[in-house]
Amino acid sequence: MGIQLFLKRKITFVWLILFLVAFGSYIAPAASQSLQDISSLKVDDLSDEQLQVLVRRAEEAGLTESELIMMAQARGVPQSEINKLRNRLENMDISISAGGPRNLGSKRQPRQQTNLNAITQGVINFQQEPTDGLEEVEPYFGLDLFYSKNRRLSFEPNFNLATPQNYVIGPGDVIYIDLYGQSEKYFEGMVTPEGSLILDNVGPIGVSGKTIEEATALIKSRLSRFYTGLAGANPNTYLQISLGNLRTIQVHLVGELRLPGTFTLSSLSTVFNALYAAGGPNVNGSMRSIKVIRNDRQLAEIDVYDFLINGKTDINLRLQDQDIILVQPFLGRVHVLGEVKRPLIFEVKEGETFQDVLGYAGGFTDEAFKDRISVSRTTGKERAVSDIFNNQFSIFSVKGGDTYTVGRVLDRYTNRVQIKGAVFREGNYALTEGLTLKELIRHADGLRGEAYLERASILRTKDDLTTEILTVNLRELLNGGAADIPLQREDVVRVSSIYDLQEEVYVQITGEVRNPGTYPYSSQMTVEDLIVLAGGLRESASTQDIEIARRVVDPAEGLFSTLVPVTITRDLISSVASQRLEPFDNLVIRRKPNFSLEKMVYVEGQVNSPGTFVVQSAKERISDVIQRAGGLTSFAYSKGATLIRRTEYFNTESEQLRRKRNLMDLQAKLQFDPNDTEAQEALLQRLFKDLGVGDPDRDAAESAAVSDVKRETVAGIAEDKGDFGQVRIRETEAVAIDLEKILQNPGSAFDLILEEGDIISIPRQLQTVRLRGDVVYPTTVRFERETGVKYYINRAGGFDIRANRKRTYVVYANGEVARTKSFLGMRLYPSIEPGAEIFVPTKGPRIPVRPGDLVGLTTGLATLVLIISQINR
C-alpha cells in the first residue's frame, strides 16, 4: 500500500507540473515554454474551476496543502504567487484535508433532487389560484386533498430514507460504491444515457433497468476480479452501494386534471406525487379510477378513496420514465345530506351499496334517525322518492344522481314528566307504569322546608297540544286525606315556595353604626341583634336617642310611618323588654349631643412653643392659644400676624376617614414593634378585620355634598354675570387680625374664636416695604418711619405713565388692605407699616379717538349750540 501511495503522489506531482505549464502557455502563448518556465505562473489568472480541479487531484493523491505549496516552491514559483494561491484556497473554502487514508464518504453531499420543473419545485402555488367557488358550491369528497385553501399535504418523497432495494436504476442516477475491510476504496459515478456505470480501471457496467439489489450483485461480481477479498466463502472485503443524487423522470398526466401535461418528477415519486403536481382531478375528474399506463399497458388502477378512507397509498408503485397517468371522467356521483358526519358529494362505482356510501360519509351523527333513509332517484324523465330501511343498507345498490337524506330524531320525549320548584332534585323523570304524584315527589328526594303545601299545580298537555292545570293540596295528599293523582306523559309538576308568594322582607339601620345598610329580617329579631349585625355602635352613637321608623299597615292620608323611640345600653345586652323588630323597620341611631373629635390648630413663627394645639372648648380664642404657646418672643412682629382659615370649600376629612387613618398608623407601628406578644398579635388581627369594614368613602361624599353645592352656586353666578370673570375658589384664605389688640384685650371682638385647622402665623420683625404694579422700577426698599406712600413711590422711580394714582392701595403684613382716598381734589394715601406692599394699578391701554368718533362728537356739539341759540331768540 505504501508503494502504491508513493507512485500515486508521483503521478499527481507530474500532472500538477504539466497542468501549470499548460495553463502558463495558455496565458502566455510562447510555444517554446518548458518546465523551467513555471516560475512565470500568475495565480490571479487562474479561474476558480481550474483551482478546484487542481485541489481535487491533490486530494486524490493524498497531498496536504503544505505539500502542494512545497512542490510549487520547488519548481520556482515566486513566494508572492504562493501567498496568493494560499489566500485563494482559503477564500474559496476548498482547502485540502490532512494526508493519509481518507474517508471520502464523509464529503458526500446529502441526497437531493435536481432538474425538477417549476410546478414540481413549488414555484406555482395552487392555493393562490381561484377554485371557482368549488368548495362553497359543490363539496366534492376528496378534491380538497390536492387544492384546498390550506394545503398541508404535498406527498413529497423522502430523500433521507435508506436506499430502497427495489429501486430501479436509470440514466442520471449517481451511485456511491464503498469498499471496506482489508481493502478500502471509494467509487462514485453517474449512470450514462446508455445505461452504464463507468468505474476507474474497471470499465463500464450495465446497471440501467436493474434494481439496487440486482446491481449490487453485478458490481460485486465485476469488482471481485480486482479485489479478490470480495469473493469466496469467507470474504475480508465488503461492498456497499447507495444512491447519491437521484435522476428525474418525465411523467405524462392527461385527462380530467386541473393542470394536465408532462411533469419532471423525482425517480422516487408515486402516483400521488404526480397528481399533486398537476393539481389533482378537476370537477369532472374521477377519484375512483385513475389509471397508470406503462409501455402501452395498464399497470394499475388507483382509487383515491382507499387512501382517504383506509389510508392505503400504493407506496410500492413507483413511477418510471414516460409513464402515463390517465384521469377519466367521474363514474357516478351521489349526494348525501342530513345527519351524517360528511354531508358531501361522493363518487360511486358499479356494485356499491348504500352501506359503502355511508362509510364514505363517516357514518351517522349522534342525532341521526337511522331507521329510514329517504332517497331521490332519477327514473329516465323524472325523479322518484324511495325509502331505505335499516335492514336494507347492505343490499340497496346506489346509482349515479341519487340524493340521500338522513333525518334527525324528533325533539320530543316518549316517557317524560317534570317536577320543578321547592323539591330537592328538580328535573326530568321517566314516566313508568303507574307513576303517581306522591311517588314522583319521593323520586325527587321530597319537598324542601319552604314548600307551599296548600297548593301545587300539574300542567298537563292534551293530545291536541292544548294544556290544562290541575290543582293539588299537597298537605292533604301527603297526609292521606286526598287521593293520589296518576301522572301522564309530559306532565309538569310545580311546587311553589312560600318565598315565591310573598315579598322578600328586610330591615335597615342608619346612623352611628360601623356598617349601616340593609340586613335580612328574622323573626324575634331585636334592636340589639340588628346593631350587632351592623358591627356595633360607633363612639359617637347615642344610646338614648334611637328610634324605629315603621311602616304603617293601613296608613291614613298624609301618614307615612310610625316612630317608635328606643333606649338601649352600650353593652347591647338584650332583655325581655328589648324592642322587637318588624319587617321593613328602619332603625335610626343618632349622634351624641355636642360630640366631636378633637380639633387641631397650629401656631407657627415667633412664639416660645410653636406647634400643634388641641382646641379645649368651643369658646377658645386666639389669645388662649398664644398663652398656651408661651407668648410671643422678643423678635415677634405682632402687627404682621396672620390667621389662615379653611373655607367652606375645604375638603374636610370625615371622622370615619380620620379614624381609619389613625388605625392604619397604629397597625404600621405594631407590625414593626419587636415586642411580639400574644396580646399584640390579637390586636393586629382585630385591626386587620376592623380596617376591612365600613365605607369611609360614603362618609366623605356626605361631608363634601354641601361644599359641592356651594361651588356649583358660585360657578352659576359667574356664568350668569359675564362681567364677574372667572371666580377663583380657594380652600384656605388669610384672615387679617390685630394681634396687639387681641393680646391687650383678650376675649374682645378682635379675639376670634378658633376653628378646626386654623393656622396662626407670627413673623419676625419686618424692615422693608415692597412696591408692585405700575411704577418705574418695582422693588423692595427699607422702611423709614414718618414717611408716606409718595416717599416709597419716589424710591421706586415714581409713577409710570399709565399709573392709576388714585387707585393705589396698600396691603399690610397681617393681610389688611387700605386704599387711597380723595377729599376736595386731594389724594390721601394710606399710612405705611413694616412689611407692607404698595400696589399701583394701571389705567390699561389707551384707546385712540377715531375720526368717525371725532366727527360725531363735533356734529353733536354743533347741534347743541344751534338748539340753544334758537331757544334764546
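The table below gives the values:
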quantity: Long-range neighbours under 8 Å by Cβ, at least six apart or interchain, first residue closer than 19 Å to Thr262 by Cα within segment 272-299, second assigned to a helix (DSSP H, G or I) and open to solvent by 10 Å² or more (accessible area, probe 1.4 Å); calculated: Phe272/Phe307; Gly279/Tyr147; Gly280/Leu145; Gly280/Tyr147
quantity: Number of the condition not met by Val810 [criteria: (1) farther than 30 Å from Met600 by Cβ; (2) part of a loop (DSSP other than H, G, I, E, B)]; calculated: (2)
quantity: Qualifying residue in segment 201-210 (condition: within 30 Å of Ala278 (Cβ to Cβ) and under 60 Å from the mean Cα position of the chain (by Cα)); calculated: no
quantity: Residue in segment 275-291 that is of a type outside the set (Gly, Ala, Ser), out of contact with any strand residue (DSSP E or B) (no Cβ under 6 Å at 6 or more places or on another chain), surrounded by fewer than 18 Cβ atoms within 10 Å (Cβ to Cβ) and farther than 20 Å from Leu145 by Cα present; calculated: no
quantity: Near pairs, Cβ below 7 angstrom, 6+ apart or cross-chain, from segment 779-800 (in contact (Cβ under 8 Å) with a residue 24 or more places away in the chain and over 11 Å from Pro834 (Cα atoms)) to any residue that is open to solvent by 40 Å² or more (accessible area, probe 1.4 Å) and part of a helix (DSSP H, G or I); calculated: Phe799/Arg805
quantity: Asp411 closer than 30 Å to Val375 by Cα, of a type outside the set (Ser, Thr, Tyr) and free of Cβ contacts under 8 Å to residues at least 24 places away in the same chain; calculated: yes
quantity: The lone exception for Asp445 - which of (1) closer than 30 Å to Ala384 by Cβ; (2) of a type in the set (Asp, Glu); (3) free of Cβ contacts under 8 Å to residues at least 60 places away in the same chain it fails; calculated: (1)
quantity: Every pair of residues 6+ apart whose Cβ atoms lie under 7 Å, when the first sits in segment 624-636 and is assigned to a loop (DSSP other than H, G, I, E, B) while the second is basic (Lys, Arg); calculated: Phe635/Arg764
quantity: Scope segment 292-341; condition open to solvent by 80 Å² or more (accessible area, probe 1.4 Å), polar (S, T, N, Q) and part of a strand (DSSP E or B); matching residues; calculated: Gln298
quantity: Scope segment 364-414; condition β-branched (Val, Ile, Thr) and open to solvent by less than 40 Å² (accessible area, probe 1.4 Å); matching residues; calculated: Thr365, Ile373, Val375, Ile388, Val398, Thr403, Val406
quantity: Qualifying residues in segment 481-516 (those that are among the hydrophobic types (A, V, I, L, M, F, W, C), outside any strand (DSSP E or B) and open to solvent by less than 80 Å² (accessible area, probe 1.4 Å)) - the one farthest from Leu435 (Cα to Cα); calculated: Val505
quantity: Residue within segment 829-839 that is touching a residue at least 24 places away in the same chain (Cβ under 8 Å), surrounded by 10 or more Cβ atoms within 10 Å (Cβ to Cβ), in contact with a Phe, Trp or Tyr (Cβ under 7 Å, 6 or more places away or on another chain) and not in a loop (DSSP other than H, G, I, E, B) present; calculated: yes
quantity: Test: Leu478 is in contact with a helix residue (DSSP H, G or I) (Cβ under 8 Å, 6 or more places away or on another chain) and open to solvent by 40 Å² or more (accessible area, probe 1.4 Å); calculated: yes
quantity: Residues (under 54 Å from the mean Cα position of the chain (by Cα) and open to solvent by less than 70 Å² (accessible area, probe 1.4 Å)) located in segment 537-560; calculated: Leu537, Arg538, Ser540, Ala541, Ile548, Ala549, Arg550
quantity: Residue list for segment 343-379, filter: touching a strand residue (DSSP E or B) at 6+ places or on another chain (Cβ under 9 Å), among the β-branched types (Val, Ile, Thr) and either under 16 Å from Ser394 (Cβ atoms) or part of a loop (DSSP other than H, G, I, E, B) (or both); calculated: Val348, Thr353, Val357, Thr365, Ile373, Val375
quantity: Exclusive hit being assigned to a loop (DSSP other than H, G, I, E, B), open to solvent by 30 Å² or more (accessible area, probe 1.4 Å), of a type outside the set (A, V, I, L, M, F, W, C) and at pLDDT 80 or above, set Ser154, Ser208; calculated: Ser208
quantity: Qualifying residue in segment 255-274 (condition: exposed (fewer than 15 other Cβ atoms within 10 Å of the Cβ) and more than 23 Å from Phe346 (Cα to Cα)); calculated: yes
quantity: Scope segment 763-798; condition outside any loop (DSSP other than H, G, I, E, B) and open to solvent by less than 40 Å² (accessible area, probe 1.4 Å); matching residues; calculated: Val769, Leu771, Val775, Val781, Val789, Tyr792, Ile793
quantity: Filter result for Asp445 (within 52 Å of the chain's Cα centre (by Cα) and at pLDDT 90 or above); calculated: yes
quantity: Segment 733-757, subset among the acidic types (Asp, Glu) and part of a loop (DSSP other than H, G, I, E, B), residue least open to solvent (accessible area, probe 1.4 Å); calculated: Asp751
quantity: Checklist (1) farther than 19 Å from Lys341 by Cα; (2) under 51 Å from the mean Cα position of the chain (by Cα); (3) in contact (Cβ under 8 Å) with a residue 24 or more places away in the chain applied to Leu437, failing item; calculated: (2)
quantity: Residues of segment 342-351 that turn out to be open to solvent by less than 20 Å² (accessible area, probe 1.4 Å) and of a type outside the set (A, V, I, L, M), as a count; calculated: 2
quantity: Unmet requirement for Ile760, which otherwise passes all of (1) open to solvent by less than 20 Å² (accessible area, probe 1.4 Å); (2) within 30 Å of Ser623 (Cα to Cα); (3) without any contact (Cβ under 8 Å) to a residue 60 or more places away in the chain; calculated: (3)
quantity: Search result, residues across segment 380-411 that are hydrophobic (A, V, I, L, M, F, W, C), under 18 Å from Pro343 (Cβ atoms) and part of a loop (DSSP other than H, G, I, E, B); calculated: Phe393, Val398, Val409
quantity: Residue in segment 457-467 that is without any contact (Cβ under 8 Å) to a residue 24 or more places away in the chain, farther than 13 Å from Glu490 by Cβ and open to solvent by less than 50 Å² (accessible area, probe 1.4 Å) present; calculated: no
quantity: Which listed residue, of Leu572, Leu563, Leu533, is of a type outside the set (D, E, K, R), touching a Lys or Arg at 6+ places or on another chain (Cβ under 8 Å), open to solvent by 30 Å² or more (accessible area, probe 1.4 Å) and in contact (Cβ under 8 Å) with a residue 12 or more places away in the chain; calculated: Leu563
quantity: Search result, residues across segment 840-873 that are open to solvent by less than 60 Å² (accessible area, probe 1.4 Å) and within 30 Å of Asp774 (Cβ to Cβ); calculated: Val840, Pro841, Gly844
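The values are calculated or read from the model by the stated rules, or taken from the named source; none is laboratory data. Everything numeric here is computed off the predicted structure, so don't read it as measured data. No Cβ is skipped: glycine too gets one built from the backbone with ideal geometry, and neighbour counts run over all protein chains shown. The protein model used for the area step is the full one, side chains on, heavy atoms only, and it has no ligands, DNA or RNA in it. Shrake-Rupley method; radii C 1.70, N 1.55, O 1.52, S 1.80 Å.
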